[in-house]
Structures are given as structure tokens and as C-alpha cells.
Amino acid sequence: MLARWRSRVEEAVAPPQPDQPEELEAVRARLGRLVARVNAAADRLPEGVVPEARAVCDVVRELLDHEERTSHTSVAAVQRFSLAATVDDYLPSSLDSFLALPPSFVAQHRTATGRTPGAELLAQLVLLHEAVRELADAVYSGDARRLSDQGRFLDTKFSGSDLDLP
């Protein structure tokens with residue numbers, strides 16, 4: 001009984017992990033809608049926000065493309081979750097929070113650190129961009145390691161050995 005309950009709890013709190021091709025396509029579709037939302041709101045966003053948001057989306061798109069090309073072997077489940085969370089939560093939450101503010105408040109308000117809401121939004125997007133670039137570096141470094149490992153294997157397998165008889 002306890003095991004069944006624990007299993008249900010784990011299923012309920014487990015984040016969705018896009019590890020199937022159709023799930024990756026769903027994330028890609030949501031990413032496209034997010035880019036369209038950024039473009040549509042461009043006139044209400046501060047300078048620098050749109051290019052930074054697009055840069056985040058570009059890295060996510062590259063990772064989704066890479067995941068598709070490598071047959072879902074390069075990006076670990078936790079990394080896939082981070083990609084989906086970036087598209088579904090992190091980036092939209094920052095944008096939506098800013099866009100919910102009235103223009104008069106945006107023009108006059110300063111945070112406790114002295115930042116404007118626009119500067120706060122831009123700082124969040126820069127941080128998010130750094131995070132997805134680090135994720136990309138981790139994924140591509142793992143691929144580069146696998147390539148090196150394969151090279152060492154092939155070298156060992158097919159190069160002549162000092163033990164070979166003449």
C-alpha cells in the first residue's frame with residue numbers, strides 16, 4: 001500500500017521530461033509561440049530585451065535540434081526538463097511579470113537595488129541566457145568527450161601493437 005502511494009506521489013511531482021520525439025516537437029511548437037509573443041510585445045519591452053529573449057530562444061532551439069539529430073542521447077533528462085522549463089516557465093514568467101505592469105509604474109518605479117523594472121527584466125534574461133549557454137556547453141562537451149573516447153577505442157582496436165609479431 002505504501003509503495004503504491006509513494007509511486008503515485010512520485011508520478012505527481014515528477015516534472016514532465018520531453019524524451020520522446022513528439023514531446024520534443026511539442027516543446028519546439030511552444031518555443032515558436034513564445035518567440036511570436038516576444039515579437040508581438042516588442043513595442044512594450046525595453047531596449048535590449050527582445051534581442052536577449054531571442055538569444056535565449058535560439059540556444060534552446062539549437063539544443064532541441066541537436067537532441068533530434070543525436071536521437072535523444074546527448075541531452076540528459078534533467079537537461080531536457082530545463083529546456084522545457086525555460087520555454088514554459090522561466091522566460092514567460094519574467095516577460096509576463098513585466099508586461100503586467102502599467103507603463104506609468106514602469107517609467108517611475110525603482111527596485112530596492114535601484115533598478116528599473118526594465119533593467120530588472122533585462123538582468124533576468126541575461127542570467128537565463130548564461131544558464132542555457134552553460135547547458136549547451138555541457139551537452140556539447142559530453143558529445144566531444146564521447147568523440148574522443150571513440151577515437152581512443154579505434155586507435156586501440158586498429159593500431160598495431162608492440163606485441164604483434166613481425
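Key figures
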{"read-out": "Sequence of ASP143, ASP155 when ordered by accessible area, the most exposed leading, probe 1.4 angstrom", "value": "ASP155, ASP143"}
{"read-out": "Area of ARG145 that stays accessible when all protein chains are in place (1.4 Å probe, Å², to 10)", "value": "150"}
{"read-out": "Solvent-accessible area of LEU121 with every protein chain in place, 1.4 Å probe, in Å² to the nearest 10", "value": "10"}
{"read-out": "Two-site FRET efficiency, ARG33 against ASP137, from Cβ-Cβ distance with R₀ of 30 Å, rounded to 0.05", "value": "0.65"}
{"read-out": "Local electrostatic count, ARG145, Cβ distance below 14 Å [Lys/Arg +1, Asp/Glu -1]", "value": "-1"}
{"read-out": "Solvent-accessible heavy-atom area per residue, rounded to whole Å², over the range 36-129 at 1.4 Å", "value": "52"}
{"read-out": "Net charge over other residues, Cβ less than 11 angstrom from the Cβ of PRO92 (K, R count +1; D, E count -1)", "value": "0"}
{"read-out": "Under 13 Å, Cβ to Cβ, from LEU34 - net charge with Lys/Arg +1 and Asp/Glu -1", "value": "+2"}
{"read-out": "Simple label model, 7 Å out from Cα along Cβ direction - LEU99 to ARG145, nm", "value": "3.9"}
{"read-out": "Globularity ratio of the range 65-147, using Cα Rg and 2.2 N^0.38 Å", "value": "1.45"}
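The values are calculated or read from the model by the stated rules, or taken from the named source; none is laboratory data. In this text, all values refer to a predicted model and were calculated from it rather than measured experimentally. Every residue, glycine as well, gets a Cβ built from its backbone with ideal geometry; the counts of neighbours run over all protein chains shown. Accessible surface areas use protein heavy atoms only, side chains included; no ligands, DNA or RNA. Shrake-Rupley method; radii C 1.70, N 1.55, O 1.52, S 1.80 Å.
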